[in-house]
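Working notes for the structure below.
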Amino acid sequence: MIVVMKPGATQAQIDHVVDRIEQLGLRSHVIVGTNLTVIAAIGEKRDGTRQALETADGVDKVVPILAPYKIASLEVKKEPTVVCVRDLVVGGGRIGVIAGPCSVESREQILETAHAVKAAGATALRGGAFKPRTSPYSFQGLKNKGLELLAEAREATGLAIVTEVMAPEHVPLLSEFTDVLQIGARNMQNYPLLEAAGESGLPVLVKRGPAATVEEWLLAAEYVLNTGNKKVILCERGIRTFEDHVRFTLPLATVPWLHQHTHLPVIVDPSHGTGKAALVTAMARAAVAAGADGLMVEVHPNPEKALSDGYQTLTPDQFAQLMQECRRVAQAVDRIM
Ligand code: PEP
Ligand code: MN
């Protein structure tokens, strides 16, 4: 890290910071500029090092050089991580498409959707059995019955299953039925849940919290990686801003930024990311153009009747059209979809 001294910091203050750095077991290197002095602190940092230096007299700020996430960082692993389960491949030039309803509602609904999204080229079926709803009075999901229906749809189509886990104690149950555990946006900073999901050994899809910075999101992924589970997929699903023409603001610059800072694959969810069915296909195309390693799209045989998120859900025909359009974009950016 770099300690930036205030303009006019005295020699005694600079010497004191150098002493502090050395007492903390680090090496120091002083660079005297025309207007101010900066001091590099080199070596393995312990927790609290930054705070210990920041409070010294004459210090303006302490700037970390290495990212706080370690296992997730590109500095630690240069090759992109590719997550594969059944026919779903996310990363390494392949675009994996996870499609399906917001919630599993009935046998007919999930089977019809599964067949339709498979025919259009999706390789995974999504569907919530345990639903995180803003209101306790909204449909909460079919729970165990929903998991059984997802397993039946997997049996019928061969699609990999992606479903959300809401509590650490549900991990063993969900692990029997799903191929990928989804950590929902609202739970991105539920650390015991991230650890329990990581310990399952299943691939874990970590959605970005609507109020989380990219660094906080990567640190959430780091919790999963820290259990020894390397199969982590990041999912950009939009953040809360002052904008109200969309449900969430979908910041696609995170995709190339993440590719420059982490080896983990990044997928985009244009359904939650816009909250409007009419905007989903355009943002899916944009996500592929930006280099996304996958898409997560809500699809329902009859979105008007959906028990959750119908307003942002595509019909099977609209989804098939999305796939065709995104394939052309994928080809233009040298990806296989
Ligand atoms: C979902 O995928 O249906 C969902 C609840 O998403 P998020 O956690 O991103 O809101
Ligand atoms: Mn949803």
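Loop only by DSSP, 16 or fewer other Cβ within 10 Å of the Cβ. Give me the chymotrypsin sites (Phe, Trp or Tyr not before Pro) in segment 117-203 that pass, ordered by residue number. Those satisfying the criteria are 137, 139. Its Cα gyration tensor gives segment 83-332 an equivalent ellipsoid, and the semi-axes of that ellipsoid, as √(5λ) in whole Å with the largest first, are 22, 22, 18. The residues of segment 212-331 have, on average, 40 Å² of accessible surface per residue, using a 1.4 Å probe with all protein chains present. Taking all protein chains as shown and a probe of 1.4 angstrom, residue 257 keeps an accessible surface of around 100 Å². With R₀ fixed at 22 Å, the C-beta to C-beta distance from residue 241 to residue 51 puts the FRET efficiency at about 0.10.
Once C-alpha pairs closer than 8 Å and six or more residues apart are averaged by separation and normalised to the residue number of the chain, the relative contact order reads 16 percent. For the chain, the fraction of 1.4 Å probe accessible surface lying on carbon and sulfur atoms is 52 percent. With contributions of -39500 (n - 2.57) from each DSSP H run of at least four residues, the per-residue ellipticity at 222 nm computed over the chain stands at -10500 deg cm²/dmol.
In segment 3-134, a dipole from Cβ-located charges (positive for Lys and Arg, negative for Asp and Glu) runs towards its positive end, and of 110, 125, 23 it is 110 whose Cα lies farthest in that direction. With the whole protein complex present, residue 200 retains an accessible surface near 40 Å², based on a 1.4 Å probe. With all protein chains kept in place, the per residue accessible area of segment 2-63 amounts to 62 square angstrom at a probe of 1.4 angstrom.
The values are calculated or read from the model by the stated rules, or taken from the named source; none is laboratory data. Bear in mind the structure is a predicted one, so any value in this text is a computation, not a measurement. As a convention, Cβ positions derive from the backbone with ideal geometry for all residues, glycine included, and neighbour counts pool all protein chains shown. The area values use the complete protein model at the heavy-atom level, side chains included, leaving out ligands, DNA and RNA. Shrake-Rupley method; radii C 1.70, N 1.55, O 1.52, S 1.80 Å.
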